[in-house]
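Okay, structure first, notes after.
No value in this document is a laboratory result; all are computed from the given coordinates. Everything quoted here is computed from the prediction, not taken from an experiment. Here the Cβ positions follow ideal geometry from the backbone for every residue, glycine too, while neighbour counts run over all protein chains shown.
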Amino acid sequence: MEIGRIILNAIDNLSGNYREIIKLRLFEDASYDTISEITNIPIGTVKSRIYRARKILQSRLNEKLFSERV
């Protein structure tokens, strides 16, 4: 599998709470303040959701990439 497709698939499979925010951050390079304004979510919640989304993605990508090499 192509790495880019694996990453996009992992992002698309995030729950809505994480998916929208991580897409704004990664693809639009939106600041935390901007994401907070767009989503009408407190900045602290934005930061924690981005952190959690990254951890979920890291786990899923490690699992996917390393399971295919075995």
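Results, tabulated for the structure shown:
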quantity: Residue in the range 38-59 that is without any contact (Cβ under 8 Å) to a residue 24 or more places away in the chain, among the small types (Gly, Ala, Ser) and under 19 Å from residue 6 (Cα atoms) present; calculated: yes
quantity: Scan of the range 13-30 for residues that are outside any helix (DSSP H, G or I) and surrounded by 14 or more Cβ atoms within 10 Å (Cβ to Cβ), ordered by number; calculated: 14, 30
quantity: Out of 11, 3, 43, sole residue that is within 16 Å of residue 59 (Cα to Cα), of a type in the set (A, V, I, L, M) and more than 14 Å from the chain's Cα centre (by Cα); calculated: 3
quantity: Residue 67 surrounded by fewer than 11 Cβ atoms within 10 Å (Cβ to Cβ), without any contact (Cβ under 8 Å) to a residue 12 or more places away in the chain and not hydrophobic (A, V, I, L, M, F, W, C); calculated: yes
quantity: Residues satisfying the stated conditions in the range 31-70, i.e. of a type in the set (Ser, Thr, Tyr) and assigned to a loop (DSSP other than H, G, I, E, B); calculated: 31
